[in-house]
Amino acid sequence: MRFPIFIIKLSLCVVLVISCFISFAQDAKYYFDKADTFYIKYTIKGNFDSAIAYYTKAISLDSNFALAYARRGFTYLTKKNGFETTITDCTKAISLMPDSAKLSECYYYRGEAYFKKEFYDSAIADYTKSLDHITSESKEIWDIYNGRFRAYFNTSQFESAKPDIDKVIELRPKFPGYYNNRGVCYNSMGQYQLAINDYLTSLVNKTHNSSGNAYFNIISPLVRLKRFDEAVLFSKLYFKNKSENNLSSFLYDGKDTVKYKFYRYFIKAVLQVSDNKLQDALASLDTSSKEYYSGIKEEQTRRLYVDILALNGYISEKLGGLEDARDNYNKALILVPPNQQPDIKAALEALDETEVVTRSNDKDGPVLDDDSIYVSTPKPIKANNDTRAFSIVSDSVKIRVDGKVEDESGILSVKVNSIAVTNLEKNGTFLTYITVDAGASTLKLTATDKKNNTSEKILNIPGTIAKPEQIQETDPGSLGKFYAILIAEKDYRDPNFDDLKYPVRDVEKLRNVLVKNYTFEEKNVDTLINRSREDILETIIARCKALGEKDNLMIFYAGHGDSTMDIERQPKGFLIPSTATRNKISNYITSEEISNAVFNSHTKHILVVLDACFSGAFIRKRSWNVDGDIIEQRKLSSRKVMTSGSLTPVPDKSIFIEAFTNFLLNNPEKKYVSTKDLWLQIQTTMDAENKKITEKNKNITDNRKKLKLLEPRYETINETGDKGGAFTFEKRIKQ
């Protein structure tokens, strides 16, 4: 039987097409194998461009070559900013082989890309999927567990990280570096003895230079357990092995750029504690705080800074400075929670018990700190005047009195001339204004503690009042250095939060004005963009502890905010970092944490500026009006907060920060600008905007759709030592 000629031709075409496909597939496999020789054999030499070129050729010949996409994606991790290409290639590979055993490799590669982008949740998800598809005999399984361990660790999920590093050690028991890594994990969990055990195992089995880092890492848990002599021994061994083994730089080379330079002074303090030179140790810790760079930090570095706070608290407690000890312990707990610092939790509980015993035996009145007490020069008071002729001066004068009283039982009340002081903070800081007859020369200060013990002190009133024509504006003297922490939270990882458009723009504009127009040096301005709760609070605490008595600090935050009511039906404010999870308050920054971060700072002036929804919840009470000229305002310390709104949402495109920045930018050639003047300008701008909002609301019938009025606030930060002064900007004088 003869076939029609067209059937024969069709059959030949089919055979030819199939042959071509086979040929193309063979060619694609050839280029894939060729790429693998560069990808595997020459990885150490860095011949990644050739590998990428051959993988690309394989893909061009076979667009469904899934593993070629995956391998090319992984190779792109060697390129700067190649992470997006890795994710794209691996996602394509995953889509091409949904049921293949090779999926493990694809998910692992994509997980590595997410990790490098710091998208740790996505990395953890991909590492987990990789492990779901891998076979137990795979040689790469330990690397996947190690990748997930790192992702868990970098998100402070130590309880989840620990089983993964356990698995890595089970699979590679002879590699000492992994014992060191587990020791770091144990130390972060507050399991100090287990950390020490792993560090020692790493050192005993030392076959690789990196395991020598255990000499450095073991110092932290030993200090936490108050085993100072052993910590000194290992610090000496660390330096000895440093020179012999050429380990990666921590403390050894003595350059200013050394990452852990601040920790040298911490180790010096440990040595001094070991020698019982506690005052010298405090001085070393103070230097350590000043050396600490308050920029971007990884988890381990933050933990080292917390070591400084913990040791500072311990030494302060030994020297009888219980308030300083408590302050340092509380700051440590702001950065690392109590369940990860059992020693700090126990220390605070012991302090509470000590205070209970002390109060029960308290028979003495409060201590009046002479150095802190300030009595101002009397000022005349204008009498009521119903005439249009001239002002009449009364026979009374107004005097400002502030200071600090201390007592282990706590302060119940402070009175000046039998008149109760209303501005009394929990740490004994007080401020009041009192009216007395002209010619009075003394005041009586009475302080009572919570055990009803009383102390009295006679205060001398400064000399006579100068006549108005004798009062001249003078230079306020040295204002110290100016520092700023500018925080912009714009891109939120949780999709339940809307991303914002303007915070970064606002921060960059403000930074330029401060650096170019005012005396903020570039190196003294920290700019934090899309940072975590821990990064933000760590920077504030570190800056506040490092600054001197004449220095000035401005903290600016732009991003999402929220509020709730506490058990006393008082508003409680939250700032929401870009890494936060919706409704997970432990990821938020509370108003109390901001107050505790700036508490007990020696810094002269602190101004916190919050451009966030519900930022008014950071204020609990109205502050007194700042009196006097800019000279008087500069003399007195201040802790003020300025907010763009009250307990309402505020717009992303901020009118508040626009007014704030423009006033500073357009300031005439006036050397000093007080926040009092700045605030008056902001109020004027916001009042004008509220008139526009009111007019727009007249045409909106649905009350739910009406625009909210803007309610900026400028108040004192409670319980932080404000004495009524004001932050002052110093303008650069053009040469």
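The values are calculated or read from the model by the stated rules, or taken from the named source; none is laboratory data. None of these values were measured; they are calculated from a predicted model. Cβ sites come from the backbone with ideal geometry, for glycine too, and all protein chains shown count toward neighbours. Side chains included, ligands, DNA and RNA excluded: accessible areas come from the protein's heavy atoms. Shrake-Rupley method; radii C 1.70, N 1.55, O 1.52, S 1.80 Å.
Residues that are in contact (Cβ under 8 Å) with a residue 60 or more places away in the chain and part of a loop (DSSP other than H, G, I, E, B) within segment 394-439 comprise 408, 425, 426, 427, 428, 438, listed in sequence order. Residue-level check: of (1) farther than 29 Å from residue 400 by Cα; (2) polar (S, T, N, Q); (3) touching a His at 6+ places or on another chain (Cβ under 8 Å), residue 728 misses just (1). Selection of segment 721-735 for residues being open to solvent by 10 Å² or more (accessible area, probe 1.4 Å) and within 29 Å of residue 430 (Cα to Cα) yields 721, 723, 730.
Residues that are open to solvent by 30 Å² or more (accessible area, probe 1.4 Å) and in contact with a Leu (Cβ under 9 Å, 6 or more places away or on another chain) do occur in segment 182-196. Scan segment 222-246 and report the pairs whose first residue is modelled with pLDDT under 75 and whose second residue is not in a helix (DSSP H, G or I), with Cβ atoms within less than 6 Å and a gap of 6+ or a chain change. Within 6 Å, the pairs are 242/252.
Looking only at residues in segment 370-393 that are surrounded by fewer than 18 Cβ atoms within 10 Å (Cβ to Cβ) and in a strand (DSSP E or B), the one that is modelled with the lowest pLDDT is 393. Look at segment 311-339: where a residue is over 25 Å from residue 276 (Cα atoms) and at pLDDT 95 or above, no partner that is part of a helix (DSSP H, G or I) and among the small types (Gly, Ala, Ser) sits 6+ places away or on another chain with Cβ atoms under 7 Å. Return the residues of segment 51-66 that are in a helix (DSSP H, G or I) and over 42 Å from the mean Cα position of the chain (by Cα); say none if nothing qualifies. Within segment 51-66, 53, 54, 55, 56, 57, 58, 59, 60, 61, 66 qualify. Residue 85: in contact with a Gly (Cβ under 9 Å, 6 or more places away or on another chain), modelled with pLDDT of 90 or more and part of a helix (DSSP H, G or I), yes or no? Judged against the criteria, residue 85 is a match.
The residues of segment 440-449 that are among the aliphatic types (A, V, I, L, M) and either free of Cβ contacts under 8 Å to residues at least 12 places away in the same chain or assigned to a strand (DSSP E or B) (or both), listed by number, are 443, 445, 447.
Taken over segment 578-587, the criterion of being surrounded by fewer than 21 Cβ atoms within 10 Å (Cβ to Cβ) and not β-branched (Val, Ile, Thr) is satisfied by 582, 583, 584, 586, 587.
Looking across segment 672-717, the residues that are open to solvent by less than 40 Å² (accessible area, probe 1.4 Å) and in contact with an Asp or Glu (Cβ under 9 Å, 6 or more places away or on another chain) come down to 672, 673, 674, 686, 690, 710, 716. Check whether at least one residue in segment 505-528 is touching a residue at least 24 places away in the same chain (Cβ under 8 Å), open to solvent by 40 Å² or more (accessible area, probe 1.4 Å) and of a type in the set (A, V, I, L, M), and report yes or no. So far as segment 505-528 goes, no, none of its residues is touching a residue at least 24 places away in the same chain (Cβ under 8 Å), open to solvent by 40 Å² or more (accessible area, probe 1.4 Å) and of a type in the set (A, V, I, L, M). Note on segment 473-492: residues that are basic (Lys, Arg) and either at pLDDT 95 or above or buried (at least 18 other Cβ atoms within 10 Å of the Cβ) (or both) total 1. Being in a helix (DSSP H, G or I) and over 17 Å from residue 32 (Cβ atoms) is a property that residue 131 has. Within segment 522-539, identify whether any single residue is among the polar types (S, T, N, Q), in contact with a strand residue (DSSP E or B) (Cβ under 8 Å, 6 or more places away or on another chain) and closer than 18 Å to residue 603 by Cβ, and answer yes or no. Looking through segment 522-539, at least one residue is among the polar types (S, T, N, Q), in contact with a strand residue (DSSP E or B) (Cβ under 8 Å, 6 or more places away or on another chain) and closer than 18 Å to residue 603 by Cβ.
Considering only residues in segment 588-598 that are free of Cβ contacts under 8 Å to residues at least 60 places away in the same chain and of a type outside the set (Phe, Trp, Tyr), the one that is surrounded by the fewest Cβ atoms within 10 Å (Cβ to Cβ) turns out to be 592.
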